[in-house]
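I have placed the structure first, in the form of structure tokens, so that the comments after it can refer back to it.
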Amino acid sequence: MDVASQGDYGLVTDYEFNSGTSIVTPHVAEVAALLKAINPNWSLAAIQLALMSTAYTINKNGITLTNQSYVTPVTLLDYGVGHINPNKALDPRLMYDIDTQDYINFIYDLGYNDPKMSATLRRNRWNCTQNKQTLL
């Protein structure tokens with residue numbers, strides 16, 4: 001799970017409450033679609049980063065989010081980076097727009113050999129930087 005959204009027993013119709021991924025996914029997808037509509041040049045990675053880097057883990061009263069029993073504070077396994085904040089996601093401040101080539105270069109820099117690169121990328125040919133980049 002990367003992010004969390006309102007999903008604890010939401011009213012989905014006039015006769016049923018629902019919770020979990022089935023109720024949360026449409027809400028997160030809607031926010032992602034709105035971000036894309038407002039920022040048409042943003043990639044999927046940029047939208048994901050905007051949602052993840054602006055999420056919160058405390059409620060409006062400054063208390064750590066709790067699980068569905070409202071007793072135990074949630075952990076990273078419960079909420080990922082936190083509860084999405086659509087308004088803050090509009091202006092995530094610093095954003096790094098990563099693409100497929102960046103991932104390929106990263107895997108190459110980890111020292112993967114040809115068979116591992118092929119298995120990871122699920123293709124036999126790729127283009128990667130032949131020089132490892134260092135800061136020193």
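The values are calculated or read from the model by the stated rules, or taken from the named source; none is laboratory data. If you're wondering where the values come from, they're calculated on a predicted model, not measured in any experiment. Cβ placement follows ideal geometry from the backbone for every residue including glycine, while neighbour counts extend to all protein chains displayed.
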Original post:
Checking ASP97 against (1) within 16 Å of LEU35 (Cβ to Cβ); (2) surrounded by 15 or more Cβ atoms within 10 Å (Cβ to Cβ); (3) modelled with pLDDT under 80, which test does it fail?
Top reply: (2)
**OP:** Out of LEU49, LEU44, report the one residue that is loosely packed, with under 14 Cβ neighbours inside 10 Å and at pLDDT 85 or above.
**Re:** LEU44
**OP:** Looking for whichever is closer than 28 Å to ILE47 by Cα, modelled with pLDDT under 80 and not assigned by TED's automatic domain parsing to the domain that holds LEU35 here; the options are ASN131, ASN127. Which one fits?
**Re:** ASN127
**OP:** Scan the range 104-120 for residues that are out of contact with any Cys (no Cβ under 7 Å at 6 or more places or on another chain) and either surrounded by 14 or more Cβ atoms within 10 Å (Cβ to Cβ) or in the same structural domain as SER53 (by TED's automatic domain parsing) (or both) and report the count.
**Re:** 6
Subject >> Selection count, the range 43-64, where residues are of a type in the set (Ser, Thr, Tyr) and more than 17 Å from TYR96 (Cβ to Cβ) >> reply: 3
